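The values are calculated or read from the model by the stated rules, or taken from the named source; none is laboratory data. These figures come from a predicted structure and were not determined experimentally. Don't worry about glycine lacking a Cβ; one is built from the backbone with ideal geometry, like all the others, and counts go over all protein chains shown.
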Amino acid sequence: MNPEAIIECVPNFSEGTESSKVRRIVASMEVEGVRLLDWSLDTAHNRSVVTIAGSPEAVVESAVRAAGKAAELIDLTQQNGVHPRIGAADVIPFIPVSGASLADCAVLARQAGLLIWRRYGVPVYFYGAAAARPDRVQLEDVRKGQFEGLRDAVQRDASRRPDIGGPELHETAGASVVGARSFLIAYNVYLRQPDVTQARAIARDIRASNGGLHGVKALGVLAGGRAQVTMNITDHRTTPMRKVYARLLELAQRHGADLEDSELIGLIPQDAYEPDAEWITRIPNFDPDLKVLERRLERPLNWAEQARGV
């Protein structure tokens, strides 16, 4: 791996209502050589997402500390969310930005997973390019049953047990899913109608697993009282965002729904940014200097200010 390599990490935490807890997690991630690019609190899904980037060793250390702080602060037995989850630090993906390959990130993921278990007693599943088993490549397969279902499953089914640690889940922090992947765009679109059945129908028809668009994962959910199609676009080069949005418009019409505003969770790469495209213009207050990865690398957030809530 290039000693000047830049790695991105986008840990997701199962807390979206108490900003003080998330700020404490963010503060724990400050490590020399790591830049804080973005973090968001998603009340509707009871979830938060943090984006960091930097040198490989420093990013691993930052992510591991975050998992430990999340285990300390988040109790899954007292928490539920719209978004599927099995852990306090639910998913921790490593993504190559420059000077590193996906295989390099898989090695980093394995290192991080081992440290999370050794330091904090939180068991780990590996997914994506770091998966130790073919049935764990897809994140949704690992998270089947969510925390409550998986907690019971590991007691009776050895095939559901973690890759590192366990065999039981952590009593309150569950398990973390650590992996390596390419850029992913997390994109949510709201419907004018509050009928979640319409959102589910659109999600069913657009996702790749049902014969929809390549590289699109989608669910229809009720978020903050509004029907929403929540999506992960895992291959924006093969399936550009404008194609995703055009298909959403077609499916909305087919199912008698209307699209309203939309949102991005986290950042997008520069080559996905299309300034005048409708999918961009429907995102309220979109600022490319804040939401495009390459621009954010040049102007990262101030750790201390974010921890204090400035």
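None of THR281, THR238, THR234 is β-branched (Val, Ile, Thr) and closer than 14 Å to ALA218 by Cα except THR234. Checking each residue in segment 72-99 for being of a type in the set (Gly, Ala, Ser) and surrounded by fewer than 24 Cβ atoms within 10 Å (Cβ to Cβ) picks out GLY81, SER98, GLY99. The condition of being under 21 Å from the mean Cα position of the chain (by Cα), modelled with pLDDT under 95 and outside the structural domain of ASN80 (by TED's automatic domain parsing) holds for only one of GLY225, GLY266, that being GLY266. Quick check, is ARG308 exposed (fewer than 12 other Cβ atoms within 10 Å of the Cβ), outside the structural domain of ILE95 (by TED's automatic domain parsing) and more than 20 Å from the chain's Cα centre (by Cα)? Yes: the conditions hold for ARG308. Filtering ALA70, ALA153, ALA63 for residues that are part of a helix (DSSP H, G or I) and touching a Lys or Arg at 6+ places or on another chain (Cβ under 6 Å) leaves a single hit, ALA153. Each residue in segment 289-310 was checked for being over 13 Å from VAL26 (Cα atoms), charged (D, E, K, R) and assigned to a helix (DSSP H, G or I), and 6 pass. Taking the listed residues ALA246, ALA218, ALA272, the one that is among the small types (Gly, Ala, Ser) and touching a residue at least 24 places away in the same chain (Cβ under 8 Å) is ALA272, with no other qualifying. Residues in segment 271-310 that are farther than 23 Å from HIS236 by Cβ and touching an Asp or Glu at 6+ places or on another chain (Cβ under 6 Å): TRP303 only. Flag not set for LYS243, criterion: among the charged types (D, E, K, R) and in contact with a Ser or Thr (Cβ under 9 Å, 6 or more places away or on another chain).
When LEU249, LEU213, LEU264 are screened for being in a helix (DSSP H, G or I) and in contact with a strand residue (DSSP E or B) (Cβ under 9 Å, 6 or more places away or on another chain), only LEU249 passes.
Of everything in segment 41-60 that is in contact with a Lys or Arg (Cβ under 9 Å, 6 or more places away or on another chain) and surrounded by fewer than 22 Cβ atoms within 10 Å (Cβ to Cβ), the residue that is nearest to LEU222 (Cα to Cα) is ALA44. Taking first residues from segment 281-292 that are of a type outside the set (Ser, Thr, Tyr) and partners that are in a loop (DSSP other than H, G, I, E, B) and surrounded by fewer than 14 Cβ atoms within 10 Å (Cβ to Cβ), the Cβ contacts under 8 Å between residues at least 6 apart in sequence or on separate chains come to PRO288/PRO275; ASP289/ARG299. Filtered by the rule that a residue be β-branched (Val, Ile, Thr) and under 18 Å from LEU293 (Cβ atoms), segment 78-110 gives ILE92, ILE95, VAL97. Among the residues of segment 89-140, those that are more than 23 Å from GLY68 (Cα to Cα), among the aliphatic types (A, V, I, L, M) and part of a helix (DSSP H, G or I) comprise LEU102, ALA103. Quick one: in segment 218-237, which of the residues that are farther than 17 Å from TRP279 by Cα and not aliphatic (A, V, I, L, M) is surrounded by the most Cβ atoms within 10 Å (Cβ to Cβ)? By that ranking, first place goes to GLY220. For ILE25, the stated conditions hold: it is in contact with a Lys or Arg (Cβ under 6 Å, 6 or more places away or on another chain), among the β-branched types (Val, Ile, Thr) and in contact (Cβ under 8 Å) with a residue 24 or more places away in the chain. Only one of the numbered conditions (1) under 20 Å from the mean Cα position of the chain (by Cα); (2) of a type in the set (A, V, I, L, M, F, W, C); (3) crowded, with 22+ Cβ neighbours inside 10 Å is not met by VAL137, and that is (3).
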